[in-house]
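S.K.: Right, I'll just put the structure down here and ask away after.
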Amino acid sequence: MTIETFRIAVLPGDGIGHEVMAPTLALLDAACARAGGLTLSHETLPAGAVCWRDTGAALPAATMAAARAADAILLAAMGDPAIRYPDGTEIAPQLDLRFDLGLYAGVRPVKPIPGVRIPLADPRAREMDFVVLRESTEGLFASRGRGTVENDARASDTMVITRAVSERLFDFAFALARSRRDKGGRNLVTCVDKANVFTSFAFFRRVFDERAAAHPDVRAAHAYVDAMALDFVRRPWELDVLPTENMFGDILSDLGAGLMGGLGYAPSADIGDEHAVFQPCHGSAPDIAGRGLANPTAMILSGAMMLEWLGERHGSARAARAGGLLRAAVDAAFAPGQLVTAEHGGAAGTAAVATAVGEALAAA
């Protein structure tokens, strides 16, 4: 049998990052073994707030070079509120990765896991399955490190939206909606903006409409971001693919995570034309670091997304199968309702969740 091997750059980062990364790597290896003929070669690399504190580099050149050369990048969590740049902002090299590698498509799936408590009582909420598609390289985040404070009286940051990046984002959105059709998707892309107020968002919407015309087989719609926030709570089961600007996507992603039961269940990917980073939506949570309480589910599901992306990008049926096996194992572990994590008042910590998912995977 020919063995397929993919090189993975592993960035555990800060806080609970190391705690959720270790079991995820073990589960990824187990899923690859179950799929047959597939291995991952992972290289653990330094980056993050502690790295900056100790070495003066948040994302060392050697780490960036290794990440750029890898087939995929798996990132746990970076940053620490107690460690900041001189201007008061937090160390966030995950943003540098997005900018430097052109990872314009921030994919944030919102889909409840069977057996995990969610906040909406309407039974239709269990049917929600949509994606916040966050543009991750410009928007308001283009001002990162470039904002100004004038005479301690006025501060400003600048929104940047370009045609080139917006077109790629929207084409990605329509392709994603198309790929979801056969899996129960609504074949709908809704542009989320604030085009009624800001020139930049009116431009964003105009580019969206132009790209929608090039994808006539997929339905297109518009929504203002404030109305969309309402619909997240009022009718999330009617949503499908939601491309939006960077800051809006940042906010809506966390709201979506709340609909799933919390950030500990919310995976994500940042994808470009050549590279991709996979990481949970949560942060480094220094308040619970080292206590064994961190929920690794979002990290595990981010790993499953990585395998599925590798399968699609490289035409690897084995990688796609491994990703599906791991995703199914997460569902099987939680479905009985006995596995209750700390954010819901339960006793299941990092090890308990990883063990349950591993047992489900072995039984698949």
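The values are calculated or read from the model by the stated rules, or taken from the named source; none is laboratory data. The structure displayed is predicted, hence computed values, not measured ones. Every residue, glycine as well, gets a Cβ built from its backbone with ideal geometry; the counts of neighbours run over all protein chains shown.
S.K.: Does residue 124 meet the test of being surrounded by fewer than 15 Cβ atoms within 10 Å (Cβ to Cβ), under 25 Å from residue 254 (Cα atoms), touching a residue at least 40 places away in the same chain (Cβ under 8 Å) and of a type outside the set (Ser, Thr, Tyr)?
M.R.: Working: surrounded by fewer than 15 Cβ atoms within 10 Å (Cβ to Cβ): yes; under 25 Å from residue 254 (Cα atoms): yes; touching a residue at least 40 places away in the same chain (Cβ under 8 Å): yes; of a type outside the set (Ser, Thr, Tyr): yes.
It is true that residue 124 is surrounded by fewer than 15 Cβ atoms within 10 Å (Cβ to Cβ), under 25 Å from residue 254 (Cα atoms), touching a residue at least 40 places away in the same chain (Cβ under 8 Å) and of a type outside the set (Ser, Thr, Tyr).
S.K.: Let me ask something additional. Give the stretch 72-82 a look and list any residue that's more than 15 Å from the chain's Cα centre (by Cα), crowded, with 17+ Cβ neighbours inside 10 Å and of a type outside the set (Asp, Glu), or say none.
M.R.: Initially, the stretch 72-82 is screened for residues more than 15 Å from the chain's Cα centre (by Cα), giving 79-82.
Within this subset, residues satisfying the condition of being crowded, with 17+ Cβ neighbours inside 10 Å are 79-80.
Once the filter is applied, which keeps residues that are more than 15 Å from the chain's Cα centre (by Cα), crowded, with 17+ Cβ neighbours inside 10 Å and of a type outside the set (Asp, Glu), the stretch 72-82 yields only 79.
S.K.: Something else now. Can you tell me which residues in the stretch 326-338 are buried (at least 20 other Cβ atoms within 10 Å of the Cβ) and among the aliphatic types (A, V, I, L, M)?
M.R.: Those that are buried (at least 20 other Cβ atoms within 10 Å of the Cβ) and among the aliphatic types (A, V, I, L, M): 326, 329, 330, 333.
S.K.: Still on this structure, please answer the following. Identify, please: which residue in the stretch 181-207 is at pLDDT 95 or above and closer than 23 Å to residue 237 by Cβ and is, among those, surrounded by the fewest Cβ atoms within 10 Å (Cβ to Cβ)?
M.R.: 187
S.K.: Now for a different question. State the number of residues belonging to the stretch 101-157 that are in contact with a strand residue (DSSP E or B) (Cβ under 7 Å, 6 or more places away or on another chain), among the hydrophobic types (A, V, I, L, M, F, W, C) and assigned to a loop (DSSP other than H, G, I, E, B).
M.R.: Residues flagged as in contact with a strand residue (DSSP E or B) (Cβ under 7 Å, 6 or more places away or on another chain), among the hydrophobic types (A, V, I, L, M, F, W, C) and assigned to a loop (DSSP other than H, G, I, E, B) within the stretch 101-157 amount to 2.
S.K.: When you go through 35, 47, 31, 9 one by one, which is the residue that is in contact with an Asp or Glu (Cβ under 7 Å, 6 or more places away or on another chain) and buried (at least 22 other Cβ atoms within 10 Å of the Cβ)?
M.R.: So the residue among 35, 47, 31, 9 that is in contact with an Asp or Glu (Cβ under 7 Å, 6 or more places away or on another chain) and buried (at least 22 other Cβ atoms within 10 Å of the Cβ) is 9.
Residue-wise test of (1) modelled with pLDDT of 95 or more; (2) surrounded by 19 or more Cβ atoms within 10 Å (Cβ to Cβ); (3) on the phi > 0 side of the Ramachandran plot; (4) touching a His at 6+ places or on another chain (Cβ under 8 Å).
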| position | (1), (2), (3), (4) |
| --- | --- |
| 247 | yes, no, no, no |
| 253 | yes, yes, no, no |
| 259 | yes, yes, no, no |
| 264 | yes, yes, no, yes |
| 267 | yes, yes, no, no |
| 271 | yes, yes, no, no |
| 274 | yes, no, no, no |
| 287 | no, no, no, no |
